[in-house]
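The values are calculated or read from the model by the stated rules, or taken from the named source; none is laboratory data. All figures in this text were calculated on a predicted structure; none of them were measured in a lab. Cβ atoms come from the backbone with ideal geometry, glycine included; neighbour counts cover every protein chain shown. For accessibility, only protein heavy atoms count, side chains too; no ligands or nucleic acids. Shrake-Rupley method; radii C 1.70, N 1.55, O 1.52, S 1.80 Å.
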Amino acid sequence: MMSFAEWNTPAGPGVTSAPVLERIVAILNAVKEAGSNPSITQLADLTGMPKSTVSRLVAELVEHRYLERTDDGVTLGLRLFELGARAGLPRRLLTAAAPVIRELVELTGERVGLWVYQGTDMISIAAVAGRLPMLPTRAGMRSPALKTASGKAYLAFCADSAVVDRATAPLIDGAADQFREELSQVRATVIATDRGVAYPGILAVATPVISADRVVLGAISLAGPSGAMDPEQVAPLVRAAGVALTRRLTAA
């Protein structure tokens, strides 16, 4: 299969070719405006492109989840909805999360953090210190998703298997199986826990932040001294905070 770069290369002297980005946009717009699930032939008619070109581009877009195949044609894929959900994500999350974070800190006295996923790390976009002043609260701090409660909360609800595969690539054999089993438990309880793996002596409990269309946007976490915080006691409060944040995002 040709790459996007190859498709964007002129076929030869005297042959003109529209930039591949224009072709992709034309196909996506045609799928959106079709009102049903158009076939390759219909897309070729709608865009004015050769059927072979449309077929190649659609195959690549399907591979990257920007389009999905159906029994009678193609439709917009999950990746587009994920990108839409993430547009302006940090600002929207911060605005919606401020009162939720404040309430959770008041209820527990512990450190509360708001995280988003990037690469294979969780990045802090907000944090309020509780009785753990030794932990940094600056925005932008990174923690490996594999080792953190927030990372496990995010990965457990991530619909993109490629993201999960990339994050878990360092794990081998039994460790990988054990981690995926832990993600299954997180999905069942909607709570992830880190018992001192990321930071010795510190217990962290996290829950995912889910958009109205069921896309995971990030995670909200609570961290405290492992010997003084009961995960079973704080888990319902953390879970409720995640639900409250999801509702605020939906209403925004």
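Packing around the peptides 167-180, 26-39, taken as the average count of other Cβ atoms within 10 Å per residue, puts them in this order, highest first: 26-39, 167-180. Ranked by the mean number of other Cβ atoms within 10 Å of their residues, highest first, the peptides 228-240, 142-154, 203-215 fall in the order 142-154, 203-215, 228-240. Within a straight-line Cα-Cα reach of under 20 Å, LYS32 can be paired with the following aspartates and glutamates, leaving aside sequence neighbours fewer than 8 residues apart in one chain: GLU22, ASP45, GLU60, GLU63, GLU68, ASP71, ASP72, GLU82, ASP213. Can you bin the stretch 147-239 into rounded, prolate or oblate? Criterion: square roots of the alpha carbon gyration tensor eigenvalues sorted a ≥ b ≥ c, rounded for a/c under 1.5, prolate for a/b above b/c, oblate for the rest. Judged from the Cα gyration tensor, the stretch 147-239 comes out oblate (a/c at least 1.5, b/c at or above a/b). If R0 is 51 Å, the Cβ-Cβ spacing of SER226 and LEU76 corresponds to a FRET efficiency of close to 0.65. Considering only protein heavy atoms and a 1.4 Å probe, what is the carbon-and-sulfur percentage of the accessible area of the chain? The computed percentage sits at 55.
So if the hydrodynamic radius of the chain is defined as the Kirkwood radius over C-alpha pairs, what does Stokes-Einstein give as its diffusion coefficient at 20 °C and 1.002 mPa s, in µm² per second? Taking Rh from Cα pairs, D becomes 106 µm²/s.
Phi angles of the stretch 207-217 translate, via the Karplus equation with coefficients 6.51, -1.76, 1.60 and θ = phi - 60°, into HN-Hα couplings of 9, x, 9, 10, 7, 4, 9, 6, 9, 6, 9 Hz per residue; Gly and Pro are given as x. With protein chains left intact and a 1.4 Å probe, residues in the stretch 99-252 average 46 Å² of accessible area per residue. Fully extending the segment from SER55 to MET141, taken as 0.36 nm per residue of separation minus the present Cα-Cα distance, adds 26.6 nm. What shape does the stretch 33-77 have by the C-alpha gyration tensor, where a ≥ b ≥ c are the square roots of the eigenvalues, rounded means a/c under 1.5, and otherwise prolate means a/b greater than b/c and oblate the rest? Verdict is oblate for the stretch 33-77.
Here VAL105 and ALA212 are evaluated by their C-beta separation; at R0 = 25 Å the FRET efficiency comes out at 0.45. Rounded to whole numbers, the Karplus 3J(HN,Hα) couplings from phi for the stretch 158-174 are 7, 7, 8, 4, 5, 5, 5, 4, 5, 5, 8, 4, x, 7, 10, 6, x Hz, using 6.51 cos²θ - 1.76 cosθ + 1.60 with θ = phi - 60°, and x at Gly and Pro.
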